[in-house]
């Protein structure tokens, strides 16, 4: 458990994706079965046990500590699990640290110990005590082991009695012990068990344990990243892991055996597995010269959620249907109204949309159906879900992914016809003979076939007729040609340092537009952006920020923004929404810096009214 | 003035502790001895616990401190940092006015001392900053039995438990092994912390050259001149970016998030501080590798020391006074927060002159 805790701890601070992968893969390599499998399960959200409530954790700490000290500590730390992990007092150590009668010299405490242990000899001897962890491959005495101190006692204590720490302390639990125990533990036994573990683990171990049992890891690792790291253990393509994943279960012994070359690849027995998604490259103007219109089929790019809708027969012939996000997340539970429509075995690649009276609604409308804890009948009625099909990856038992797109498209048409369901329709193709014709269609989807749904068109997709369905973003097969974004000129107001590689740069920008205030026009913040600029532009903005800071609030710099002094940023964004959380009342979707307008004085930047007009146009749609 | 006080002192049979030491605007004032301890404003006679800038300031008339503390003040403020100076050894006793002053090791940084002030039969120990954990770069903390113990409270909350510093250094070394193509940048206060981290790295068997930010060269050389073995150290200035892959560089904390870091290949930013125990503090600073290494006593250290001094009265200064005062009171000790201003966490306040032009 301590080794797993150490991994989580390090991951929580590491901003870089590649470095996260290195840490994860290193862990999978170093730690044996079944611990690493349960770790993978924890990171992919595949563990299932009843989570402990924060109130239980509070009760545990209240029984051990002074309430005033806990209150002050909690206020300072701000996170319950962390506070408890840090201040959890060891039952045994207590009597040692606080001598009952404050008798003067010779000191029974560390004062004296410190005198003697100046040479730091404790550190080397203590390493041998850590081997109680559930690790099978301890051949390399990794320096990482240092953190995972078992007994919770410290070097200076250890110095006085080097072997004291394990005398009465049982070894800390392994991750496997924790997970398997939690799965079977009754509710009433949980507090005692947690208390035992908290006594056995070190600070980081306790923190990880509490995060795990309360079900709130939140360390910025997606399931996808964890699987990618596991795949790297065997130099496998992460898509291969993704393919077999639905058929696997913790602690994934068969998966690791295959990754380490000790066994055959596990077979996915899931009747409705996820298939790795094919993605498109954004097309640039210069790309068109080398492309022949005859090689491509065009279709609308709908502004919804890309999904994979899979149905398959299990051993007994019953249909299982699942809806996956493009990152393989199972989102079936959020869209129960679509499940009955998935009654033919097959795998559709399509877009999830809201249709009202046959009309596709904007993304803003769809968004109101997302991330709801409870999918109520009212929600289902008001936001009727719809699947618009782009592609067919499987037809009954047949895997179609090797077929050329043109052929899959024909199969899709037949499939959708056979399905004959009002909730599922075919995304129409856009006829064109030249790039000019397609340019015209993209500029005016309404007259090019999208009709009344034109507002929900985000651009066009170009797919090579002969392209097989390949995982990832293969070159030259699929192109997306998005509608031009909205553009405004805004003024840089605040800048904040970035993270990781960017930690020495002011790379997060808050920008604002003008609005009438009490004392004349003033800037009101309308959004934040931290990408879109080139490396060279980043240097320029960074320099500007440093030279034009008027105030500092912690990591945030207040940058000069007046009518004739300041920096105008051209901001591109995809859409606008009303937002009570923002002072300006609007929130942008996907804002990024598209250009630096050194030439423009701030007073000529856009006004809030411009955004409000755009908002009205979108709002009209939502309320109907 | 002094005559009056002497008369007053002899008149009273027992002195109240606050008649011996009293917090005033300039710092902790000892009227019967005619001096201030760690004064934050220029005074006639100053007795100084250690060389950190919030305790050791320039401009006093006369300064009494350990040789190391005086040397550090000289390094920082120049030759004329005080009117006159007097060095005192650990264990040495000096009579000042009506009091006796004795210096004891505080284990905080090189030359750091606790100051025991005895008047009649009342002994007050002003411990300055102290730690009871092992540190190869300074004389270990010594427990001084007393009647009144003045303790710092920088880490005066039970969430601060610093653990074994060598484990933290192992964490750093593991990261260097895992990311050999990246530079490791360790933020550490330049007086004391930096040298301790280097010594810990050496003790852990790391024998490659360690690189230093310009702001810590002088003080580190001073440590070496006092016989503390720190192995091969190199200034980082002028070293090619590629050559810094896989190396460890120590820098003042404020430098690790600034322009200066651009000379390093994809740096891993570490920070050696007791504050790193709390995640939010580490994240706020953009630290990737927090190293819980402190020059101050942690909660267990503070409480164990307080209990062991045998003092019946505890004065708590700079830091989280509330929690420590509460702890003392719950154990039947008289305790009060001492209203002293001007002391703080040196790590937060250190702003070395980072040369932007160098970047």
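To test your reading of the geometry: what angle, between 0 and 90 degrees and rounded to tens, separates the Cα axis of helix A:17-30 from the longest principal axis of chain A? Once rounded, the angle reads 50 degrees.
Spin-label model, residue A:604/residue A:582: points 7 Å from Cα along the beta carbon direction are separated by 2.5 nm. Specify the inter-centroid distance of region A:413-471 and region B:63-110, based on alpha-carbon positions, in whole Å. Their Cα centres are 83 Å away from one another. Centroid-to-centroid, using Cα positions, region A:503-579 and region A:366-389 are 36 Å apart.
Could you work out, residue by residue across B:126-138, how many beta carbons of other chains sit within 10 Å of that residue's beta carbon, and then give the average as an integer? Don't skip to the end; give the middle numbers.
Values: counts 0, 0, 0, 0, 1, 2, 9, 7, 16, 4, 3, 1, 1.
Counting Cβ atoms of other protein chains within 10 Å of each residue's Cβ and averaging gives 3.
Between residue A:375 and residue A:414, residue separation times 0.36 nm minus the direct Cα-Cα distance comes to 10.8 nm. Ordering A:381, A:211, A:565, A:301 from the fewest to the most neighbouring beta carbons within 10 Å gives A:381, A:565, A:211, A:301.
Modelled this way, with points 7 Å down the Cα-to-C-beta line, the labels at residue B:121 and residue A:343 are 10.0 nm from one another.
Taken as Cα centroids, region A:586-611 and region B:27-49 sit 58 Å apart, rounded to the nearest whole angstrom. For the peptides B:239-245, B:188-194, residues were scored by their other Cβ atoms within 10 Å and the scores averaged per peptide; the highest-first order is B:188-194, B:239-245. For the pair residue A:612 and residue B:67, a Förster radius of 60 Å applied to the C-beta separation gives a FRET efficiency near 0.25, rounded to the nearest 0.05.
Taking only the Cα atoms of region A:222-298, the ratio Rg/Rh comes out at 1.19, with Rh defined as the Kirkwood radius.
Roughly speaking, what is the stretch gain from residue B:75 to residue B:207, that is 0.36 nm per residue apart minus the C-alpha to C-alpha distance, in nm to one decimal?
Difference between extended and current length: 44.7 nm.
Counting Cβ atoms of other protein chains within 10 Å of each residue's Cβ and taking the mean over peptide B:252-259 gives 2.
Potential lengthening of the chain between residue A:327 and residue A:51 amounts to 96.8 nm, from the contour at 0.36 nm per residue minus the alpha-carbon distance. Sketch the reach of a paramagnetic label on residue A:437 as a point 7 Å from Cα along Cα-to-Cβ, and name the residues of region A:443-473 whose backbone nitrogen lies under 19 Å away. Answer for region A:443-473: A:443-451, A:460-466. Working from Cα positions, state the angle (0 to 90°, nearest 10) between the long axis of helix B:165-178 and the longest principal axis of chain B. For helix B:165-178, the angle is close to 10 degrees.
For chain B, the longest principal axis of the alpha carbon atoms and the long axis of helix B:321-330 meet at an angle near 60°. Using the Cβ-Cβ distance between residue B:242 and residue A:188 with R0 set to 56 Å, the FRET efficiency from 1/(1 + (r/R0)^6) comes to roughly 0.40.
Just counting partner chain Cβ atoms within 10 Å, what average do the residues of peptide A:65-77 show around their Cβ? Could the numbers behind the result be given before it?
Details: counts 1, 5, 0, 6, 10, 3, 2, 9, 8, 2, 1, 8, 7.
Per residue, the average neighbour count from other chains is 5.
Each of residue B:16 and residue B:217 was given a label point 7 Å from its Cα along the Cα-to-Cβ line. The distance between the two points is 5.5 nm. The calculated FRET efficiency for residue A:534 paired with residue A:475, based on their beta-carbon distance and R0 = 25 Å, is about 0.65.
We did not get these values from a lab; they are worked out from the coordinates using the rules stated. In this text, all values refer to a predicted model and were calculated from it rather than measured experimentally. For neighbour counting, all protein chains shown are included, and Cβ atoms are generated from backbone atoms with ideal geometry for every residue, glycine included.
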